[in-house]
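Remarks on the structure that follows.
The values are calculated or read from the model by the stated rules, or taken from the named source; none is laboratory data. Everything numeric here is computed off the predicted structure, so don't read it as measured data. Neighbour counts are summed over all protein chains in view; Cβ atoms, including those assigned to glycine, are modelled from backbone coordinates with ideal geometry. Ligands, DNA and RNA are excluded from the accessible area calculation, which covers all protein heavy atoms including side chains. Shrake-Rupley method; radii C 1.70, N 1.55, O 1.52, S 1.80 Å.
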Amino acid sequence: MFNSFAEIIAAARAMNRVKIAVAAAADVDVLTAVNAARQNGIAEAILVGDAGAIAKICREEGFDSQKFEIEHEPDVRKAARRAATLVRSGVAQVMMKGMVGTADFMRAVLNKTDGLGTGALLSHIVVFEPPGYQRLLTLTDAAINIAPDLPQKVQIVENALQVTRALGNPEPRIAMLAAVETVSPAMKATEDAALIAKMAERGQIRGCRIDGPLALDNAVSVIAAKHKGIGGEVAGMADILVVPFIEVGNVLYKSLVYFAGAPLGGIVIGAAAPVVLTSRADSPENKMNSIALAVVVSGANQ
């Protein structure tokens, strides 16, 4: 089981090198990450975007632009659609978001003509390496599903399981997050959490242990869980945190980045191929982690 991004990167390096189609690639952090992935023997890249701007960044940063395939498309929306087409056709195996808004990027992913939709629910999965946590922590969904209903939350759980299994965890512990640990009809999140936990108990969701509702402290801190008298296999030991709606996930994502400095990798699961989706403000290191994560998940699903 992987416990760090160093291990994920090493595993990605040992796999067959894939090709990434980068949408709107004219961004210094994106190009830094893609160049690092190439130098680490993880992935090659097709850079779709403003060719002049891409070449300028490469010159300024000391990257050899001749090491990349570059397709000139200055319109960011068209660049996103072209990147999706490259993956759909098999020319590339992973799609990556560059300097394009998430809404436009996801429209390209889901485009019925040349996108990567499969009919399954897409969800955003972020793997963190929190300082002092001793293991990787997966968070979902912080970027795509705004207010998922019960069936959508079940699919979000299943998508997260694809990632954790690819990372060598055969039976992850999943915490369905809420503000309290008791079920209250006034708080829909608590009811959904309890129902999903019961579904797992009865074998409707397999290959994991689920508990909920759990507040964040009781999900990640054994001390907090014991202090509140909360037992079970998940309490204080969660591998996956499933948030009730997007605001919780987004704030928790950015809190782990800006307050804890936690390394991360973010991808979208549910499409025909892994999709690297990070914030435009994420560091080159985290974008590189995301590429490595996508490569490992892609290799595990082949």
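Some observations on this one:
- Overall, the accessible surface of segment 38-192 at a probe of 1.4 angstrom is composed of carbon and sulfur to the extent of 50 percent.
- Only Cα pairs under 8 Å and 6+ residues apart enter the sum, and on that basis the relative contact order of segment 126-256 stands at 34 percent.
- Against the chain, whose longest principal axis comes from its Cα atoms, helix 5-14 is set at around 50 degrees.
- Separation between Cα centres of segment 10-52 and segment 228-302, rounded to whole Å: 20
- Fluctuation leader among Ala23, Ala262, Ala108 - the chain, Gaussian network, Cα springs under 10 angstrom: Ala262
- Mean accessible surface per residue for segment 234-302, computed with a 1.4 Å probe while every protein chain stays in place, in Å²: 33
- Annotation: for a label point projected 7 angstrom from Cα along Cα→Cβ of Glu60, residues of segment 264-292 with backbone N closer than 17 Å are 281, 284.
- DSSP beta bridges fully contained in the chain are about 30 percent antiparallel.
- The chain: most fluctuating residue of Gly212, Gly229, Gly266 per GNM, C-alpha cutoff 10 Å: Gly229
- Among Ala12, Ala43, Ala120, residue whose mean-square fluctuation peaks in a GNM of the chain (springs only between Cα atoms under 10 Å): Ala120
- Dipole-positive endmost among Asn159, Cys58, Ser255 within the chain (Cβ charges, Cα centre): Asn159
- Simple spin-label estimate for Gln204 and Ser4 gives 4.1 nm between the two label positions (7 Å along the Cα-to-Cβ direction from each Cα).
- Surface share of carbon and sulfur [accessible, 1.4 angstrom probe, percent] for segment 243-302: 59
- In this rough spin-label picture, where each label sits 7 Å from Cα along the Cβ direction, the Asp114-Ala272 distance is 1.2 nm.
- Surface accessible to a 1.4 Å probe, per residue, for the residues of segment 1-157, Å²: 43
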